[in-house]
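Once you've had a glance at the structure underneath, I'll fire off some questions.
The values are calculated or read from the model by the stated rules, or taken from the named source; none is laboratory data. Here the structure is a predicted model, which means the values were calculated and not measured. Please note: Cβ atoms are built from the backbone with ideal geometry, for glycine as well, and neighbour counts cover all protein chains shown.
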Amino acid sequence: MTWPRPGTRPVGEMLREWRERRRISQLDLAIRAEVSARHLSFVETGRSRPTPAMILRLTEQLEVPLRERNTLLLAGGYAPAYPEHGLGEPELAGVRDALRQVLAGHEPYPAVLVDRWWELLDGNAGVAVLTDGCAAWLLEPPVNVLRLALHPDGMAPRIANLAEWRGHLLTQLQHRAQALADQRLRELRDELLGYPGGMAEVTSPAGVVLPLRYRRGGQELSLVSISAVVGTATDVTVAELAIEAFYPADAATAAVLRSPG
């Protein structure tokens with residue numbers, strides 16, 4: 001017989017919170033998961049103990065991240081279903097090599113590999129364009145790229161559209177913190193909100209995307225960012241990885257970034 005870990009909240013209560021966070025009714029979730037609404041109600045209230053398969057079925061429909069799916073399984077008294085390896089471990093060697101190829105292939109444009117908390121795991125040579133002039137302490141591991149971008153000792157003084165860019169990053173951070181119910185992300189947002197620079201919403205953008213307008217050596221670079229994740233990940237670490245890549249938004253920026261030195 002298996003039992004929840006001491007001090008763990010009931011799995012049914014946690015599943016209900018995820019359902020409410022996703023703004024899905026009991027009936028809609030039951031239909032999606034192909035279970036009866038009555039049984040789902042019993043699971044959420046603790047009158048029925050869900051099997052591991054039921055927990056995984058419900059969390060799949062609720063798009064619960066793999067890390068939290070493992071937490072729910074443990075709360076239900078079961079073993080985690082998804083492994084979690086360090087990026088430097090042999091099991092992730094193939095993924096690690098592939099990601100480094102993507103980073104290198106993106107040069108001379110900047111690109112970084114980050115985890116779910118926006119901590120820097122790897123980057124290409126092009127990142128130096130953005131980090132030049134940042135305080136050394138902000139570049140000491142672990143480097144948080146949002147802190148690096150918005151701290152007054154980091155990139156912030158050279159961001160021409162700082163209020164808009166702050167608004168963009170902080171909105172992203174808020175959405176992720178809410179979607180993942182992650183206290184660490186909430187604390188990061190509280191910290192970043194305390195930095196100077198204002199916060200403006202982009203209500204009538206001049207173009208189709210918001211560029212990062214960055215001053216460097218008397219020139220203003222215009223960059224657009226694109227995020228990419230590893231598809232079909234079944235490892236917790238891999239599922240939380242993302243590549244944040246910057247592309248030139250105009251020909252002048254492209255010429256500067258491609259020029260030697």
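Please identify the pairs in which a residue from region 14-42 that is under 17 Å from LEU56 (Cβ atoms) and at pLDDT below 95 has its Cβ atom under 6 Å from the Cβ atom of a residue that is assigned to a helix (DSSP H, G or I) and aromatic (Phe, Trp, Tyr), counting only partners at least 6 apart or on another chain.
none
On to the next question. Among the numbered criteria (1) modelled with pLDDT of 95 or more; (2) under 22 Å from GLU119 (Cβ atoms); (3) not in a helix (DSSP H, G or I), which one does GLU187 miss?
Against the list (1) modelled with pLDDT of 95 or more; (2) under 22 Å from GLU119 (Cβ atoms); (3) not in a helix (DSSP H, G or I), GLU187 comes up short only on (3).
Give the number of residues within region 57-66 that are in a helix (DSSP H, G or I) and either surrounded by fewer than 18 Cβ atoms within 10 Å (Cβ to Cβ) or of a type in the set (Ser, Thr, Tyr) (or both).
Of the residues in that region, 3 qualify.
Is it true that some residue in region 26-34 is acidic (Asp, Glu) and in the same structural domain as ALA251 (by TED's automatic domain parsing)?
There is no residue in region 26-34 that is acidic (Asp, Glu) and in the same structural domain as ALA251 (by TED's automatic domain parsing).
Among the residues of region 28-56, count how many are touching a Lys or Arg at 6+ places or on another chain (Cβ under 9 Å), part of a helix (DSSP H, G or I) and surrounded by fewer than 14 Cβ atoms within 10 Å (Cβ to Cβ).
1
Report whether or not GLY231 is surrounded by fewer than 17 Cβ atoms within 10 Å (Cβ to Cβ) and assigned by TED's automatic domain parsing to the domain that holds THR253.
Here the answer is yes, as GLY231 does meet what is asked.
Look through region 153-178, keep the residues that are part of a helix (DSSP H, G or I) and small (Gly, Ala, Ser), and return whichever of them is nearest to PRO65 (Cα to Cα).
ALA177
So which of PRO80, PRO142 is touching a residue at least 12 places away in the same chain (Cβ under 8 Å) and not small (Gly, Ala, Ser)?
Sole residue among the options that is touching a residue at least 12 places away in the same chain (Cβ under 8 Å) and not small (Gly, Ala, Ser): PRO142.
Matching residues to (1) surrounded by fewer than 19 Cβ atoms within 10 Å (Cβ to Cβ); (2) of a type in the set (Val, Ile, Thr); (3) at pLDDT 95 or above; (4) out of contact with any Ser or Thr (no Cβ under 7 Å at 6 or more places or on another chain):
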{"residue": "HIS85", "(1), (2), (3), (4)": "yes, no, yes, no"}
{"residue": "GLY105", "(1), (2), (3), (4)": "yes, no, yes, yes"}
{"residue": "ALA111", "(1), (2), (3), (4)": "no, no, yes, yes"}
{"residue": "ILE159", "(1), (2), (3), (4)": "no, yes, yes, yes"}
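State the number of residues belonging to region 229-242 that are touching a strand residue (DSSP E or B) at 6+ places or on another chain (Cβ under 6 Å) and modelled with pLDDT of 95 or more.
Result for region 229-242: 1.
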